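The values are calculated or read from the model by the stated rules, or taken from the named source; none is laboratory data. Given the structure is predicted, the values throughout are model-derived calculations rather than measurements. Side chains are part of the model used for accessible areas, which takes the heavy atoms of the whole protein and leaves out ligands, DNA and RNA. Shrake-Rupley method; radii C 1.70, N 1.55, O 1.52, S 1.80 Å.
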Amino acid sequence: MTEATLPDKDAVRYRVTGMDCPSCVAKIEGAARKLRGVTAVQVSLASQELTVSVDDAGRLQEVERTIEKLGYEMARLGGGTEVGSEIPDLSHVNPAYKRALWIVVLLNLVYGLIEIVGGFLAGSQALKADALDFIGDGAISFLGLIAIGWSLRARSKTALLQGLFLGALGLAVLGNTIYRTFILNRPEAELMGAFGVVALAINIASALVLIPHRKGDANVRAVWLFSRNDAIGNAAVVLAAGVVALTGSQWPDLLVAVVISVLFLHSAWAIIKDARRELTRAR
């Protein structure tokens with residue numbers, strides 16, 4: 001079986017909560033393919049969906065248990081009359097849940113803009129790249145909030161625009177980092193570290209806001225999956241600031257910026273690729 005193998009018309013589709021990066025997609029797809037009786041698998045980061053074909057409907061429970069053990073929440077889709085119009089179970093979507101999502105969106109988007117300004121003030125490319133991560137997370141959370149109940153086609157179109165926008169931002173920061181490599185000005189390590197510490201606190205606050213709306217251990221894991229990569233990026237910025245302060249060199253800042261930018265572009269490309277594939281299927 002190859003990655004290009006697509007599920008047939010009798011495949012079952014799930015909305016998967018907790019996917020926030022290409023590594024999540026690879027983990028879910030790999031785990032599902034290893035199960036006995038699974039004949040085809042397709043995972044989409046853009047639409048947050050898993051599509052799976054099995055040789056016996058009774059094996060679906062094993063697929064569900066396996067994916068949920070990885071830390072993701074599964075909701076089977078169904079009830080649509082148009083291709084890609086299936087609506088997931090929305091029983092957990094209440095005013096308090098939406099309010100928590102709005103808080104997370106605002107925390108990420110607002111601090112992302114603040115951190116970009118901080119990146120210019122501190123002369124730090126790592127801060128600018130980390131700010132993109134905040135903006136990207138805020139945009140993804142915003143899409144998930146407004147697209148609750150949307151058809152696959154509508155979600156895919158929105159995701160495609162989002163992926164293109166995020167990709168453009170990532171290329172801008174990466175290009176500027178390469179340009180700054182030839183301009184040997186040392187960033188303000190103290191300011192850079194301060195913004196990095198605040199960024200880490202923002203990510204922890206976002207997780208705490210969502211935790212009361214968990215449904216068992218799977219959602220708890222999903223919340224921390226969503227914030228884990230951001231926290232690692234924040235810690236890297238703080239570490240780079242310390243090395244810059246100790247050595248007086250700009251290279252730690254530039255290295256962290258390149259790594260974060262490349263990871264960001266990888267995620268943007270995965271969103272674009274999945275969105276185009278889903279649009280083709282929806283047509």
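Between the stretch 47-74 and the stretch 126-140, the alpha-carbon centres lie 31 Å apart.
Computed with every protein chain present, the accessible area of GLU73 is close to 30 Å² [probe 1.4 Å].
To the nearest 10, the accessible area of TRP102 is 110 Å² with a 1.4 Å probe. Working note: Karplus 6.51/-1.76/1.60 with θ = phi - 60° gives the stretch 235-243 the couplings 4, 5, 5, 4, 4, 4, 4, x, 5 Hz, where Gly and Pro are set to x. The solvent-accessible area of SER124, taken with every protein chain present and a 1.4 Å probe, is close to 0 Å².
Note on the stretch 11-77: with neighbouring protein chains present and a 1.4 Å probe, carbon and sulfur make up 46 percent of its accessible heavy-atom surface. Our estimate of slack between ALA172 and ARG99, defined as 0.36 nm per intervening residue step minus the Cα-Cα distance, is 23.0 nm.
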